[in-house]
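The values are calculated or read from the model by the stated rules, or taken from the named source; none is laboratory data. Every value quoted in this text rests on a predicted model; they were computed, and no experiment measured them. In this analysis, Cβ positions are derived from the backbone assuming ideal geometry, glycine residues included, and neighbour counts consider all displayed protein chains.
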């Protein structure tokens, strides 16, 4: 006798949850979030100050190092979504550093003078090794922006997995920093 009332309660609860889900999907599909997205724009690289380091440098070939990069917004409120564009360059070429496969893209909104950060993780290569990239500079771009900024790379050569065009390095997503 008790089984029937429990089944009825379960069915009623399921119907109520379904009704709530339907309303939520309609709001999303109707563009209910456009007011939020319209109030913030993509961060312009010429209004961002970058601080590269101080790093947890990989001291020897095969060691892992981390290079934190802090961004400070000096413009109007803006949004960083996804991953920064990162390339490391030697005297002849630039090689892209890809997003950390385990990281999920984040959306970070920066107020004026707000800060965010990301981290470049790399394995140090052996000097003169054909698989390593003897990097001398770092190029950073922001999602949705065409321009980039260059910085000195002083953390040693980067190890390649199969060569200097396939680096054993990754970049994290943006993280809100500060208060």
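Identify all residues within region 166-179 that are at pLDDT below 95 and assigned to a loop (DSSP other than H, G, I, E, B); write none if there are none.
Hits for region 166-179 are 178, 179.
Out of curiosity, is residue 66 at pLDDT 95 or above and touching a helix residue (DSSP H, G or I) at 6+ places or on another chain (Cβ under 8 Å)?
No.
Consider only pairs whose beta carbons are under 6 Å apart and that are at least six residues apart or on different chains; among these, list those whose first residue lies in region 147-166 and is closer than 30 Å to residue 47 by Cβ and whose second residue is loosely packed, with under 15 Cβ neighbours inside 10 Å.
Listed pairs, sorted by first residue: 153/136.
Of the residues that sit in region 128-145 and are closer than 12 Å to residue 84 by Cα and assigned to a loop (DSSP other than H, G, I, E, B), which one is modelled with the lowest pLDDT?
Looking at the filtered set, the residue picked out is 145.
Counting only residues that are within 23 Å of residue 49 (Cβ to Cβ) and not in a strand (DSSP E or B), how many does region 110-127 have?
Summing the residues that are within 23 Å of residue 49 (Cβ to Cβ) and not in a strand (DSSP E or B) in region 110-127 gives 4.
Per-residue answers, yes or no, for (1) touching a helix residue (DSSP H, G or I) at 6+ places or on another chain (Cβ under 8 Å); (2) over 15 Å from residue 57 (Cβ atoms); (3) outside the structural domain of residue 108 (by TED's automatic domain parsing):
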| residue | (1), (2), (3) |
| --- | --- |
| 134 | no, yes, no |
| 144 | no, yes, no |
| 149 | yes, yes, no |
| 153 | no, no, no |
| 164 | no, yes, no |
| 167 | no, yes, no |
| 170 | no, yes, no |
| 173 | no, yes, no |
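Of 112, 131, which residue is more than 29 Å from residue 44 (Cβ to Cβ) and without any contact (Cβ under 8 Å) to a residue 60 or more places away in the chain?
131
Is region 78-95 home to any residue that is touching a helix residue (DSSP H, G or I) at 6+ places or on another chain (Cβ under 7 Å) and either part of a loop (DSSP other than H, G, I, E, B) or within 15 Å of residue 138 (Cβ to Cβ) (or both)?
Within region 78-95, not a single residue is touching a helix residue (DSSP H, G or I) at 6+ places or on another chain (Cβ under 7 Å) and either part of a loop (DSSP other than H, G, I, E, B) or within 15 Å of residue 138 (Cβ to Cβ) (or both).
Condition first: farther than 20 Å from residue 70 by Cα and within 22 Å of the chain's Cα centre (by Cα). Can you find one or more residues in region 136-143 that meet it?
no
Could you identify the single residue in 176, 169 that is within 19 Å of the chain's Cα centre (by Cα) and buried (at least 21 other Cβ atoms within 10 Å of the Cβ)?
Details: 176 fails: buried (at least 21 other Cβ atoms within 10 Å of the Cβ).
Only one candidate qualifies: 169.
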